[in-house]
Amino acid sequence: MLRALHTLFVFIWLMIKHHPLYLRLKKAAPEERMEKSMQAVVSVGQQTIATTGSRVIYHGVENLPEEPAYIVANHQSVFDVFVLLAEMDRTSAFIAKDSLGKVPLLHLWLESIGCLYLDREDARQAVKVMRQAANQMKDYQMNMIVFPEGTKSKGGPMHPFKKGSLKPAFMAKVPIVPVYIDGTAGIYEGNKGLCVKPTEVHVYFGEPIPTKDLDRSGENELSERIGEIITSLKKPDGEVKKA
């Protein structure tokens, strides 16, 4: 429990410490605001994870393309956000569930890097968010990240992927990078009570999947297979399988 309280304290302190920077960046141009905000969020995330005593090992980082991409990952823990952002070589934002928009301080930074909130009960709003995500990738040459399960698996079997989760990539014609995250639930969500444990986390980046030449049939097929592609990335020897 002491480690959990310490981790929470460090996270809140870092959020408060960076708040003056957030206020200054509100007046900056969108590209500058998103880039510098992401740097701040990555710093906060890395320091928070370090406080848990955990170690993150990345595999296949070279698979991240030089062009904007749509990152599609499984979702075990709230720490997944920080784990992924730490290895992005360009501004990257999330399509997140709307409940994150209610977290004090954190929601300000998420919005500042270009995160979009999805209301799963409002189909019209969801379509608008998907279109906006596609436009952001094209207009700002940034990555967008999505967790198609819609909720954390907490280390258990992956939940079914939400239909239409790949739509922004198809609209923007950017490559899809499948990612398998293994171990983040062991830091907190997979434990009983208020308990944070040092954990070894592995993140596997698969090869980018082009979308430019996909027709409607190809898009539907990929949407059906993406969960299987992600779960197949991890190999016992730590290598990364090709998508």
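Coordinate-derived values only; no laboratory data. Quick caveat, the model's predicted, so the values are computed rather than measured. Methodologically, a virtual Cβ is constructed for each residue, glycine included, from the backbone with ideal geometry; neighbour enumeration extends over all protein chains shown.
Quick notes on this one:
- Flag if Val56 is surrounded by 14 or more Cβ atoms within 10 Å (Cβ to Cβ) and assigned to a strand (DSSP E or B): yes
- Taken over the range 134-192, the criterion of being over 25 Å from Gly218 (Cα atoms), among the β-branched types (Val, Ile, Thr) and out of contact with any Phe, Trp or Tyr (no Cβ under 6 Å at 6 or more places or on another chain) is satisfied by Thr151, Ile181.
- Residue satisfying all of: in the range 186-237; among the polar types (S, T, N, Q), in a helix (DSSP H, G or I) and without any contact (Cβ under 8 Å) to a residue 24 or more places away in the chain; surrounded by the most Cβ atoms within 10 Å (Cβ to Cβ) among these: Asn220
- Residue within the range 127-150 that is outside any loop (DSSP other than H, G, I, E, B) and more than 19 Å from Thr211 (Cβ to Cβ) present: yes
- Here Leu108, Leu100 are screened, and the one residue that is more than 15 Å from the chain's Cα centre (by Cα), part of a helix (DSSP H, G or I), more than 22 Å from Ser223 (Cα to Cα) and not acidic (Asp, Glu) is Leu108.
- Scanning the range 85-95 for residues that are surrounded by fewer than 22 Cβ atoms within 10 Å (Cβ to Cβ) and in contact with a Gly (Cβ under 9 Å, 6 or more places away or on another chain) yields a single hit, Ala86.
- Of all residues in the range 105-135, those that are without any contact (Cβ under 8 Å) to a residue 12 or more places away in the chain and closer than 22 Å to His18 by Cβ total 2.
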